[in-house]
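Single-structure report; data block below.
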Amino acid sequence: MENTITKLVKVGELDFPPRKVWLKTYGCQMNYHDSERIVSHLSNLNFTLTTDQTEADLMIFNTCAVRDLANQKFYSALGETKKIIKDHQIDPETGFKKDVIIAAGGCIAQTEGKDLVKKYKQLDFAFGTDVIDNIGEMVYRAYAGDKKFAVTSWDKSENYSIETKITPGTPMAFVNIIKGCDKFCSYCIVPFTRGREKSRRLAEVVTDVKRLVEYSGIQEVMLLGQNVNSFGKDNNESLAMLIHELDQISGLQRLRYTTSHPYDVTDELVEAHRTAKKLANHLHLPVQSGSDTVLQRMLREYTIEHYLTLLAKMRKANPEIIITTDIIAGFPNETEEEHQATLDLLDKAQFDFIYGYTYSPRKGTKATRINDVLTDDIRLRRLKDIQDKQSVIQAALRGQMIGKTYRILVEDKKISKGVMKWGGRTSCHRLVHFEGDIPDKDYQWHWIEAEITSVTALSTQGKFIRDLGKTPT
Ligand code: SAH
Ligand code: SF4
Ligand code: F3S
């Protein structure tokens, strides 16, 4: 990094001295991966990442539109930039710091890009979800003096073809395998912000992952898509086929995928959970509601019976598997009985964790046409019912871990009650904290074994057993 500090890069007509980019990401893992791609592309224009907004030359917001709260967080953070700029370097003419460029990308920018640049004086440009890999050209354009533009076009090429970008130094990589979503669940904005489904070719993904493992030290891969179960549909390929191919790559330790739609889980995929040795003991399978009638109104295409049968099959294929899910509380006109059905499902499904949300109306989605009688108070109370019940189930489930030994990939450390603890994830995606055996030893990205000593619904503590190093065999 040292030598980039003085280096000047010339691109086309422009000089690019060393500059700092500050990036704020909202939303799902796909957005986080898009941010990784943005940073990687910008390094070609001499940008390095900063976490200090006050020293940024370029500020980028990678936005999420999935619920109103995500939108509000972005609007208020964008509002704050005025003050941050004013407090640091003032241009007397505009009242803003002269050379700071501000951009908004991602899901809000995809549908509202043009309006955003009109409405927010400080916003220089906006870019959608399908032009992430053109960020270099857009930043160039802004430095060439072209401001107040929005690029929200869709990639028209027949195939989805990319090379994965990673954050250097980590052994974990997000690998996009399919983009977009064709499901149009009645509450969801994603098909509008991410466009139609398009898969990468299986062979391309395999070559990509081989390269990452061989040359970039990647050991754990998370396959990403809004509905990864649709992977390869148009090419006579499938997620199960891909998993089997990736399972053969020596040096790859763990494989995960997210997110799955219960309607599209095939028997071959269930079978992959039995046979693919590297596939993690974790499945995130969003159910959204425990009521068949609500699922119908959500246009989810499955019943609770189908969902529970799937869980049983998965658990038979891999008895170690743990299941997490997403639930929406208070879908329009959800009755008390329908809400009760969701509470009943928690007992039957035995989820290890729930991402619970109150329903948030999204412009342009079918659910907004329902004349909804529920209030925010009802939704919040129902979400609390769900979380309270889940927390009891979760503590009991996690209690079963006590005394067992797990392999953990250590991610980072933190001080808790005056004691320095390291934290990492098991194959089943539970976060475990432990004290290292040697003070001051750096365990980051080591594989270790720990025995679980205590748990609560939200935290798991372990006792260090042994260090397997950075590349266990
Ligand atoms: N593609 C994934 C997840 C997409 S969004 C899937 O189909 O499972 C992540 C989660 O946000 C969804 O699973 C859903 O639980 C929640 N969500 C989506 N739209 C929402 C809305 N309008 N209000 C509240 N929660 C929503
Ligand atoms: Fe949204 Fe449904 Fe697509 Fe998931 S499957 S992204 S919830 S429309
Ligand atoms: Fe949000 Fe877009 Fe992801 S709306 S959840 S960032 S696909």
> Can you name every residue in the stretch 192-209 that is surrounded by fewer than 22 Cβ atoms within 10 Å (Cβ to Cβ) and closer than 13 Å to Leu255 by Cα?
Replying inline: Val206
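Any idea which residue in the stretch 56-88 is nearest to Lys121 (Cα to Cα), counting only those that are among the aromatic types (Phe, Trp, Tyr) and part of a helix (DSSP H, G or I)?
First, pick out the residues of the stretch 56-88 that are among the aromatic types (Phe, Trp, Tyr): 61, 74-75.
Of the ones still in play, those that are also part of a helix (DSSP H, G or I) are 74-75.
On the way: Phe74: 15, Tyr75: 13 Å.
Filtering the stretch 56-88 for residues that are among the aromatic types (Phe, Trp, Tyr) and part of a helix (DSSP H, G or I), the one nearest to Lys121 (Cα to Cα) comes out as Tyr75.
Just the residues that are surrounded by 15 or more Cβ atoms within 10 Å (Cβ to Cβ) and either within 16 Å of ligand 1 (Cβ to nearest atom) or more than 30 Å from Arg194 (Cβ to Cβ) (or both), please, taken from the stretch 30-60. Before you say what the answer is, go through the steps one by one.
Of all residues in the stretch 30-60, those surrounded by 15 or more Cβ atoms within 10 Å (Cβ to Cβ) come to 30-43, 45-47, 49-50, 53, 56-60.
Met30, Asn31, Tyr32, His33, Asp34, Asn46 - these are the residues of the stretch 30-60 that are surrounded by 15 or more Cβ atoms within 10 Å (Cβ to Cβ) and either within 16 Å of ligand 1 (Cβ to nearest atom) or more than 30 Å from Arg194 (Cβ to Cβ) (or both).
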>> Can you tell me how many residues within the stretch 167-217 are farther than 30 Å from Trp447 by Cβ, assigned to a strand (DSSP E or B) and within 16 Å of ligand 3 (Cβ to nearest atom)?
In response: 2
> Which condition number does Ile415 fail, the rest of (1) modelled with pLDDT of 95 or more; (2) loosely packed, with under 15 Cβ neighbours inside 10 Å being met?
Replying inline: (1)
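Taking Tyr257, is it closer than 27 Å to Gly217 by Cα, within 15 Å of ligand 2 (Cβ to nearest atom) and either in contact with a helix residue (DSSP H, G or I) (Cβ under 8 Å, 6 or more places away or on another chain) or hydrophobic (A, V, I, L, M, F, W, C) (or both)? I'd like the intermediate steps shown before the answer.
Numbers: closer than 27 Å to Gly217 by Cα: yes; within 15 Å of ligand 2 (Cβ to nearest atom): yes; either in contact with a helix residue (DSSP H, G or I) (Cβ under 8 Å, 6 or more places away or on another chain) or hydrophobic (A, V, I, L, M, F, W, C) (or both): yes.
Answer is yes for this residue.
Any residue at all in the stretch 222-236 that's without any contact (Cβ under 8 Å) to a residue 60 or more places away in the chain, away from ligand 3 (no atom under 16 Å from the Cβ) and aliphatic (A, V, I, L, M)? Spell out how you get there, then give the answer.
The initial filter retains those residues of the stretch 222-236 that are without any contact (Cβ under 8 Å) to a residue 60 or more places away in the chain, namely 223, 227-236.
Then drop every residue that is not away from ligand 3 (no atom under 16 Å from the Cβ), which leaves 229, 231-236.
Then keep just the ones that are aliphatic (A, V, I, L, M); that gives none.
No, the stretch 222-236 contains no residue that is without any contact (Cβ under 8 Å) to a residue 60 or more places away in the chain, away from ligand 3 (no atom under 16 Å from the Cβ) and aliphatic (A, V, I, L, M).
Table: residues versus (1) in contact with a helix residue (DSSP H, G or I) (Cβ under 9 Å, 6 or more places away or on another chain); (2) loosely packed, with under 13 Cβ neighbours inside 10 Å; (3) closer than 26 Å to Ile189 by Cβ.
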| residue | (1), (2), (3) |
| --- | --- |
| Arg379 | no, no, yes |
| Lys389 | yes, no, no |
| Arg398 | no, no, no |
| Glu411 | no, no, no |
> Got a number for residues in the stretch 261-304 being of a type outside the set (Gly, Ala, Ser), within 25 Å of Glu337 (Cα to Cα) and over 23 Å from the mean Cα position of the chain (by Cα)?
Replying inline: 11
> Name the residues in the stretch 267-300 that are hydroxyl-bearing (Ser, Thr, Tyr) and more than 16 Å from ligand 2 (Cβ to nearest atom), would you?
Replying inline: Thr275, Ser291, Thr293
> Among the residues of the stretch 333-365, how many are touching a residue at least 60 places away in the same chain (Cβ under 8 Å) and among the aliphatic types (A, V, I, L, M)?
Replying inline: 1
>> I'm trying to understand the selection: among the residues of the stretch 273-296, which are closer than 21 Å to Phe184 by Cβ and either among the hydrophobic types (A, V, I, L, M, F, W, C) or within 13 Å of ligand 1 (Cβ to nearest atom) (or both)?
In response: His284, Leu285, Pro286, Val287, Gln288, Ser289, Val294, Leu295
>> Taking the criterion of being crowded, with 18+ Cβ neighbours inside 10 Å and either within 30 Å of Thr293 (Cα to Cα) or within 16 Å of ligand 1 (Cβ to nearest atom) (or both), would at least one residue in the stretch 167-175 satisfy it?
In response: yes
>> Restricting to the stretch 119-140, name every residue that is assigned to a helix (DSSP H, G or I) and either touching a residue at least 24 places away in the same chain (Cβ under 8 Å) or in contact with a Phe, Trp or Tyr (Cβ under 7 Å, 6 or more places away or on another chain) (or both).
In response: Ile132, Asp133, Ile135, Gly136, Met138, Val139, Tyr140
> Considering only residues of the stretch 61-79 that are over 17 Å from Asp34 (Cβ atoms) and hydroxyl-bearing (Ser, Thr, Tyr), which is surrounded by the most Cβ atoms within 10 Å (Cβ to Cβ)?
Replying inline: Tyr75
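The values are calculated or read from the model by the stated rules, or taken from the named source; none is laboratory data. From a predicted model like this one, the values you see are computed outputs, not experimental measurements. Counting neighbours? That spans all protein chains shown, and the Cβs are built from the backbone with ideal geometry, glycine included.
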